[in-house]
1. Ignoring ligands, DNA and RNA, what percent of the accessible area of the chain is carbon or sulfur (1.4 Å)?
2. Give me a comma-separated list of calculated 3J(HN,Hα) values for the stretch 97-102, in order, Karplus coefficients 6.51, -1.76, 1.60 applied at θ = phi - 60°, integers in Hz, x for any Gly or Pro.
3. Using the Karplus curve 6.51 cos²θ - 1.76 cosθ + 1.60 with θ = phi - 60°, what ³J(HN,Hα) values do you get for each residue of the stretch 6-15, in whole Hz, with x for Gly and Pro?
4. Can you tell me how the chain classifies by the Cα gyration tensor, rounded, prolate or oblate, using a/c under 1.5 as the rounded cut?
5. Among Lys86, Lys58, what's the order by accessible area (1.4 angstrom probe), most exposed first?
6. Roughly how many nanometres apart are two label points built 7 Å out from the Cα toward the Cβ at Gln81 and Ser115?
7. If amide hydrogens are placed 1.01 Å from N in the peptide plane, which non-local residues have theirs closer than 5 Å to the one on Val48?
8. Report relative contact order for the chain in percent, whole number only (criteria: Cα-Cα under 8 Å, sequence separation at least 6).
Amino acid sequence: QVQLVESGGGLVQPGGSLRLSCAAPGSIFSIAAMTWYRQAPGKEREWVATISSGGITKYLDSVKGRFTISRDNAKNTMYLQMISLKPEDTAVYYCNAVTSAGRYWGQGTQVTVSS
């Protein structure tokens with residue numbers, strides 16, 4: 001069973017920063033398109049950012065310029081650097097990996113932006 005593991009969430013004040021990490025098995029990481037999603041209370045899960053196996057990135061408009069997605073293939077880990085955080089960024093953040101063999105999810109990590 002493929003397991004993705006997120007970490008790095010927490011409570012931060014508005015304007016603060018956090019870096020999320022997502023570790024994946026080496027058997028899929030290097031070939032997978034990796035994505036961050038988030039789900040706020042009472043809302044549907046929302047796509048945030050994607051990085052292809054070749055390093056091409058795409059972002060949700062509301063996070064452009066504030067969030068940076070990256071990947072370290074040597075460590076089989078994806079990151080989401082978040083700066084200038086806003087209360088509306090509060091959500092559970094999930095990582096996702098897609099390969100030709102399937103689609104895989106992590107368990108999520110809570111990000112709370114509040115004063």
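The values are calculated or read from the model by the stated rules, or taken from the named source; none is laboratory data. Just so it is clear, the model here is predicted, and its values are computed rather than measured. Please note: Cβ atoms are built from the backbone with ideal geometry, for glycine as well, and neighbour counts cover all protein chains shown. The protein model used for the area step is the full one, side chains on, heavy atoms only, and it has no ligands, DNA or RNA in it. Shrake-Rupley method; radii C 1.70, N 1.55, O 1.52, S 1.80 Å.
1. On the way: 2940 of 5950 Å².
That share works out to 49 percent.
2. 10, 10, 10, 5, 8, x
3. Karplus-based 3J(HN,Hα) across the stretch 6-15 equals 8, 7, x, x, x, 9, 9, 6, x, x Hz.
4. Working: a/c = 1.86, a/b = 1.67, b/c = 1.12.
Verdict is prolate for the chain.
5. Lys58, Lys86
6. My value for the distance between the label points is 2.7 nm.
7. Residues meeting the criterion, in which the H sits 1.01 Å from N, are Trp36, Tyr37, Arg38.
8. Values: 276 pairs, mean separation 42.5, N = 115.
Dividing the mean separation by the residue count of the chain yields 37 percent.
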